[in-house]
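A short worksheet on the structure shown next.
The values are calculated or read from the model by the stated rules, or taken from the named source; none is laboratory data. Bear in mind the structure is a predicted one, so any value in this text is a computation, not a measurement. Positions of Cβ are generated from backbone atoms using ideal geometry, with glycine treated the same way; all protein chains shown enter the neighbour counts. Heads up: the accessible areas ignore ligands, DNA and RNA and are worked out on the full protein's heavy atoms, side chains in. Shrake-Rupley method; radii C 1.70, N 1.55, O 1.52, S 1.80 Å.
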Amino acid sequence: MEGFLISKTMFTSCELGVYDVLLGAGRPLSAEEISQAIGASLDGTERLLAACTGLQLLNTHKDDGRVLYSNTDQASVYLTRSSPLSLFQSIQYNSRTIYFCWHHLTDAVREGRNQYERAFGVSSKDLFEALYRCDEEMVKFMQLMNSIWNICGKDVVRAFDLSPFKAICDLGGCSGALAKQCTSSYPECTVTIFDLPKVVRMSREHFVSEADLRISFHQGDFFKDPLPEADLYILARILHDWTDERCIELLGRVYEACNPGGGVLLVEALLHDDGSGPLTVQLYSLNMLVQTEGRERTAPQYSALLAAAGFTNIQHRLTGKIYDAVLGHKEVRD
Ligand SMILES: C[S@@+](CC[C@H](N)C(=O)[O-])C[C@H]1O[C@@H](n2cnc3c(N)ncnc32)[C@H](O)[C@@H]1O
């Protein structure tokens, strides 16, 4: 019942910069020092630090009767802004965007649709117009997408041996984080990131270096514009945004564009076949309800979508992390 108190405590401590202050200080600090550094009341800071200690995000030390605080290892790795594995931006997005949509979960369940209109006063007729309602929101979303692949991107791109596929197209490739995992895991491949024009612009400006010669961009609408030819299409967290009908429409377009002998790799959080778990994915599916037009699915459900679009020899691999992989093939002759 009170799980949201835990999330909000973590969100607030991150947003106020508690973990950054402690990292920067390089020594344990008192509540007074932290409250001054984050510009917050002493009373509020003391309560926040106590709760963070209870959550094992902070360690306490006794010094001459004073209590001093330092980051736990996990907090240093995941909650500080500067860490290479930082989840800071994801936490910000959860706190400032997703949390507001979840405020309307009851309405979402009753109505069976996302809650952008109620949460932010924007129409969700075009889903990504709502998500990208201003440049600032778009960058935040891209940062959210980016961070997880630094943690578990390698697992999904190595779930299958993708080395036979030299020309890869990452459809809806966003900030390029997964494209980078591909080029580092498969030295012979090149990756084209296909995404909406404004996402491509932002990705070029802020996320992918021009020096990264094996990654290129192609802008367009994957439901309308011609898709670049490729041996392998990666659709990471794409199908979970859409209804079955739209998924089959998109996969059909991918099948047409795909070189014979090529394939498609879906990267998604898979539900157990009977839907009985994992809990994280069940919750993600509710999140898809409040935020998108889609849902999380089981491996057989993804296989059925791929088969409906013409793909064969469909296999899936669980990575043991949040995201899994489903690979389908286009036969050499069809
Ligand atoms: C949920 S995000 C997934 C991003 C990335 N694949 C990942 O896993 O980090 C969906 C991506 O699809 C892109 N997208 C949505 N609709 C699109 C369309 N009609 N044409 C091209 N890209 C689209 C979005 O801009 C976004 O980058």
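According to the Cα-based calculation, Rg over Rh for the range 3-78 is 0.92, with Rh computed by the Kirkwood formula. Sequence-ordered 3J(HN,Hα) estimates for the range 95-109 from the Karplus curve with 6.51, -1.76 and 1.60 and θ = phi - 60° stand at 6, 9, 10, 5, 4, 5, 5, 5, 4, 10, 4, 4, 5, 4, 5 Hz, glycine and proline given as x.
The local environment of Leu271, defined by Cβ-Cβ distances under 14 Å, has a net charge of -3 under the rule Lys, Arg +1 and Asp, Glu -1. Over the chain, DSSP H runs of length four or greater, each weighted -39,500 (n - 2.57), average out per residue to a 222 nm ellipticity of -13500 deg cm²/dmol.
Under the simplified labelling scheme, the Glu2-Glu188 pair shows an inter-label distance of 5.8 nm, with each label point 7 Å from Cα along Cα→Cβ. Counting only residues at least eight positions apart within a chain, or on another chain, the lysines with an alpha carbon under 26 Å from that of Lys330 are Lys154, Lys166, Lys180, Lys224. Once both labels are positioned 7 Å from their Cα atoms along Cα-to-Cβ, the gap between Arg27 and Arg204 label points is 5.0 nm.
Using 0.36 nm times the number of residues separating Cys152 and His103, minus their current alpha carbon distance, what extension gain do you get? Could the numbers behind the result be given before it?
On the way: separation 49, 0.36 × 49 = 17.64 nm, distance 2.89 nm.
Between Cys152 and His103, full extension yields 14.8 nm more.
Given +1 at the Cβ of Lys and Arg, -1 at the Cβ of Asp and Glu and no other charges, the dipole of the chain around its Cα centre is 220 debye to the nearest 20.
The base-10 log of I(q)/I(0) for the chain, evaluated at q = 0.09, 0.11 Å⁻¹, reads -0.53, -0.77 [Debye formula, identical scatterers on Cα atoms, solvent excluded].
For Thr298 and Glu111 in one chain, what is 0.36 nm times their gap in residues minus the Cα-Cα distance, to one decimal in nm? Mind showing how you got there, number by number?
Details: separation 187, 0.36 × 187 = 67.32 nm, distance 2.34 nm.
Difference between extended and current length: 65.0 nm.
Computed with every protein chain present, the accessible area of Val157 is close to 0 Å² [probe 1.4 Å]. Put a dot 7 Å past the Cα of Asn59, heading toward its Cβ, do the same for Asp126, and the two dots end up 5.2 nm apart.
Using a 1.4 Å probe over the heavy atoms of the protein chains, calculate the carbon and sulfur portion of the accessible area of the range 88-329 as a whole percent. Display every interim value, and only then the final one.
Details: 5290 of 10440 Å².
Within the range 88-329, the accessible surface is 51 percent carbon and sulfur.
In this Cβ point-charge picture (+1 for Lys and Arg, -1 for Asp and Glu), the range 3-78 has a dipole of about 160 debye about its Cα centre. With a Förster radius of 25 Å applied to the beta-carbon distance between Lys321 and Ser163, the computed FRET efficiency rounds to 0.70. Quick one: grab the alpha carbon gyration tensor of the range 202-334, order the square roots of its eigenvalues as a ≥ b ≥ c, and give me rounded if a/c is under 1.5, else prolate or oblate depending on whether a/b is larger than b/c. Cα axes put the range 202-334 in the oblate bin.
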